[in-house]
Amino acid sequence: MLAKAVGSFIGWDERVCYNIPMERISFGNTALTLVNRPSANDIQSIQAGRSFHPLVISELSRLTLHPKIEHYPDHAFLIFHFPQFDRKTHELLSTEVDFILTNNELWLVQYGDLEPLDALKRKLVKDPELQAEFFQADASFLLYKILEHLFSSLFPQLDHIINKVDHLESEIFCGGADDLVEKISLLRREAIAFKRTVRPNTEILKEITVGNGVFFGGAALPYFGDLASLCRRLNSLIDNQIETLQVLHETNTAMLSSRLSHIMRLLTIFSVIVFPLTLMASIFSMRASGMPFIGQPYDFWIIICFMAIVALSMLGYFKRKKWM
């Protein structure tokens, strides 16, 4: 009744199934085989005694740049990509997950770390209640449940991006910081990477909802239609964040330009005020006979007062014109 791990697959001990690259879970008439970072021997084991198309086996031996679906008479092959945040590089990377679907068995091939999937695999191996939930119907339903779990796990990542966008918006309109341009650029890269990874999956789910192939019609069709709606909602939400980041970038650029214009205006006013004062100082420093005020009592202070009157008059004029 309980799911059985790899021991029933090729003689491995269930107690050490977490340390091996391939494990098998059986429940009722449905089986799930999990393959992690397949080696050449793993791919040969998958191929042995099965009628999987050579193109499918070829695809399993290498990473694929984009999602796809292929229909065959007795199996279907699907490739999905999911975003995964790399804490070392602080980048959002794409992780590929392949599925081979038959009437009563689902093969899941994973090529890199994907935390939601890793956690799900650990629970499925040892949790009978979760097994009963995921294996309650055929292999198509099992595929739906796994994909539904993986797409739902993207919402916390999306919420993290949304929170950072909201924080950036607050920073911009509260005075901003010198590194806002860099912060906006890094967050835009993260949002675009999320969209670039998730959006192509929508086309695969859309093709499934058409009902093509022997495994995606009838009772399974509404489930995959729900997945397509889930993926479209993800795309819509991340599109909104990318548009918001674009607006924040333009707003921040406009505010920086306004601040720079204000600084340049003040510097220009300062230069205009200083120029006549410098000219007057140069004139009165000339060694010429008949120079007014020169040689008179308090001549220095008379010149300083005259320069101050000129400077204050110019400041008053600029103030009335609202140039400062």
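Can you compute the modelled spin-label distance between S152 and N104, with each label point 7 Å from Cα toward Cβ, in nm?
Between S152 and N104, the label points sit 2.8 nm apart.
For E243 and L186 in the same chain, what is the full-extension length gain: residue separation times 0.36 nm, less their Cα-Cα distance, in nm?
Difference between extended and current length: 19.0 nm.
Tell me, in nm to one decimal, what length is gained between V210 and R233 on full extension, where the rule is 0.36 nm per residue of separation less the Cα-Cα distance?
This chain segment gains 6.4 nm when fully extended.
Taking H placed 1.01 Å from N in the peptide plane, check which residues at least 5 places from E91 or on another chain put their amide H under 5 Å from its amide H.
D86
Please compute the modelled spin-label separation between F306 and S285, points set 7 Å along Cα→Cβ, answer in nm with one decimal.
1.7 nm
For a label point 7 Å from the Cα of L315 along Cα→C-beta, name the residues of region 258-283 whose backbone N is under 20 Å from it.
In region 258-283, the label zone of L315 (backbone N under 20 Å from the point 7 Å along Cα→Cβ) covers 262-281.
Within the chain, what is the number of lysine pairs with alpha carbons under 25 Å apart, leaving out pairs fewer than eight places apart on the same chain?
Number of lysine pairs found: 21.
Mind listing the phi-derived Karplus ³J(HN,Hα) values for region 133-148, rounded to whole Hz, using 6.51, -1.76 and 1.60 with θ = phi - 60°, and x for any glycine or proline?
In residue order, the calculated couplings are 5, 7, 9, 6, 9, 8, 5, 5, 5, 4, 4, 4, 5, 5, 5, 4 Hz.
In nanometres, what is the gap between the two model label sites at T253 and Y298, each 7 Å from Cα along Cα-to-Cβ?
5.9 nm
Convert each backbone phi in region 257-269 into a coupling constant with the Karplus relation 6.51 cos²θ - 1.76 cosθ + 1.60 (shift: θ = phi - 60°), then list the ³J(HN,Hα) values in order as whole Hz, x for Gly and Pro.
5, 5, 5, 5, 4, 5, 5, 5, 5, 5, 5, 5, 4
Full extension from R50 to R37: what is 0.36 nm times the residue separation minus their Cα-Cα distance, to one decimal in nm?
Value of the extension gain: 2.7 nm.
Using the Karplus curve 6.51 cos²θ - 1.76 cosθ + 1.60 with θ = phi - 60°, work out ³J(HN,Hα) for each residue of region 57-73 in order, rounded to whole Hz, and write x for Gly and Pro.
Karplus values, whole Hz, x for Gly and Pro: 4, 5, 5, 5, 7, 8, 6, 10, 7, 8, x, 7, 9, 10, 9, 10, x.
Around I192, under 11 Å between beta carbons, what's the net of Lys plus Arg minus Asp minus Glu among the other residues?
+3
Name the shape class, rounded, prolate or oblate, that the alpha-carbon gyration tensor gives for the chain, where a ≥ b ≥ c are the square roots of its eigenvalues, rounded holds for a/c under 1.5, and otherwise prolate holds if a/b is larger than b/c and oblate otherwise.
prolate
Rounding to the nearest 10 and keeping the result within 0 to 90°, find how far the Cα-based axis of helix 299-320 lies from the longest principal axis of the chain.
The two axes meet at around 40 degrees.
Just so you know, all these numbers are worked out from the coordinates, no wet-lab data involved. Since the model is a prediction, treat every value here as computed from it, not as a measurement. Cβ coordinates were reconstructed from backbone atoms using ideal geometry, including for glycine residues, and neighbour counts include every protein chain displayed.
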